[in-house]
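The values are calculated or read from the model by the stated rules, or taken from the named source; none is laboratory data. Everything numeric in this text was worked out from a predicted model, so none of it was measured. Cβ: placed from backbone, ideal geometry, glycine included. Neighbour counts: every protein chain shown. The accessibility values were calculated without ligands, DNA or RNA, using every heavy atom of the protein model including side chains. Shrake-Rupley method; radii C 1.70, N 1.55, O 1.52, S 1.80 Å.
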Amino acid sequence: MEAHVPELFAAGLILLAMFAIGFIGLRSKIPDVILFIIVGIAVGGLLADSEILYFAGEIGIVLLFFMLGMEFPIKQLAGIAKRVTPAGTLDLFLNFVLSVMICVLLGLDALSALFIGGVLYATSSSITMKMMENTKRTANPESEFILGVLIFEDLAAPIMVAVLAGLSAGEGLNGFEFSWLLGKVVLLIVFAVILGRLVFLKLSRFIERNAGSDIFHLLIIGIAFTYSGLAIYLELSEVLGAFLAGIMLAESKKSSKMEPLVLPVRELTLPLFFLWFGTQIDIGNGISWPLLLTVLLIWSVLAKLLVGMAGGRMYGLSARVSFRAGLSFTQRGEFSIIIASLAAAEIMAFSSMFILLSTCIGILLFLYAPYLTTKVYGKKKKPEKVKVPGT
């Protein structure tokens with residue numbers, strides 16, 4: 001007779017373990033994100049197929065980007081999108097197109113090179129935003145630029161996933177299917193803008209009167225889940241849907257009233273996403289193509305650094321701030337795992353090792369970005385006080 005472990009008991013043990021891991025990170029100054037991912041790798045054989053863990057983690061990542069979206073009303077976001085397009089295009093060229101070319105030059109076939117290029121393309125939005133919060137860099141001048149590039153990637157990555165999925169199935173993606181995919185992205189954005197401007201803009205008084213009730217969080221979180229679910233139904237990213245839901249509610253100008261209602265649920269579920277993330281990394285088969293892995297790791301750091309330095313300048317940032325931004329893009333994550341899961345077993349194993357190493361390198365670069373920037377550019381000079389005569 002097999003012993004059955006109640007789901008509630010297992011959930012309790014996981015939460016207690018997560019607290020212990022987070023506490024160790026707090027005491028040792030090691031980012032808890034790294035610890036959660038490493039533990040996820042260690043227990044991957046037990047939890048890799050857990051639908052409950054995946055769903056709870058998905059709630060956390062949805063609420064992270066939902067709350068992020070609430071910081072950006074539509075008019076402000078439109079301005080960011082216009083300014084970040086050159087940097088986003090540069091990011092796509094350096095991290096996808098040139099990465100594919102490097103793979104081909106080092107002996108991979110075209111299909112394998114496309115998959116690995118897809119793995120290298122997108123920075124992990126979840127890890128990056130979590131690190132920005134942990135290091136209190138959300139108020140820094142580069143935070144808006146970083147967010148803009150991540151949004152550009154979140155628009156491009158679902159299209160890339162769809163194309164690669166078609167190629168892996170041997171079906172390809174014809175012109176109509178590609179146009180329809182782009183149309184769905186545009187439709188989701190336009191619908192969010194319409195709802196934001198015509199509905200949520202007029203709900204300021206309603207939110208003001210009811211935000212303190214015991215049930216209001218059900219409405220707010222329900223909106224986040226519904227629009228994220230709509231994105232999934234359209235075969236797009238739930239991250240994109242969650243962010244758009246947030247900017248819809250930002251139109252009410254009452255984000256400060258709504259954020260405290262969402263935060264406790266996000267803080268409970270977000271660590272579970274990073275645990276699940278770790279369970280999806282397979283390093284059991286060792287390192288294949290060590291030379292290619294080394295070259296791509298070095299290139300992945302340099303390419304994202306160039307995106308920050310050149311793209312940041314195009315965005316209007318100073319050289320110092322652009323350099324600090326460039327050091328914050330290396331970590332790969334959720335989209336890389338999705339793309340790797342579509343590939344053949346050897347490519348998947350290679351990609352898993354790359355994602356793990358890139359994540360660790362990226363988090364360390366993010367943490368030391370202010371220090372390295374000071375080493376390169378020197379300490380920022382404080383503006384001199386002007387002495388007023390007679391004082």
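Details
- Cα pair count fraction exceeding 16 Å, expressed as % - the stretch 252-321: 74
- Calculated FRET efficiency for the pair I189/A345, C-beta based, R₀ 41 Å, to 0.05: 0.65
- Cα-only Debye scattering, the chain: base-10 log of I(q)/I(0) at q = 0.07 Å⁻¹: -0.33
- For the stretch 173-282, with all protein chains in place and a probe radius of 1.4 Å, 68% of the accessible heavy-atom surface sits on carbon or sulfur.
- Each of K75 and A139 was given a label point 7 Å from its Cα along the Cα-to-Cβ line. The distance between the two points is 2.4 nm.
- Shape call, the stretch 19-105: gyration tensor on alpha carbons, a/c limit 1.5: oblate
- Label positions at L302 and Y233, each projected 7 Å from the Cα along the C-beta direction, are separated by 4.7 nm.
- Pairwise label distance in nanometres, R209 with L182, each label 7 Å out on the Cα-Cβ vector: 4.6
- Accessible carbon and sulfur surface of the stretch 52-129 relative to its total accessible area, %, 1.4 Å: 77
- Calculated FRET efficiency, Y377 to V97, Cβ-Cβ distance, R0 = 35 Å: about 0.70 to the nearest 0.05.
- Using distinct alpha-carbon pairs, which all enter the 1/r mean, Kirkwood radius of the stretch 250-292 in Å: 14.1
- For the stretch 139-266, a Kirkwood hydrodynamic radius built from all Cα pairs, placed in the Stokes-Einstein relation at 25 °C and 0.890 mPa s, yields a translational diffusion coefficient of 151 µm²/s.
- A 1.4 Å probe run over the protein chains yields, for the chain, 49 Å² of accessible area per residue, whole-number rounding.
- Listed cross-link partners K75/K202; K75/K130; K130/K304; K202/K254; K304/K379 are compared with a 20 Å cut-off, the Cα-Cα value being larger for K75/K130; K304/K379.
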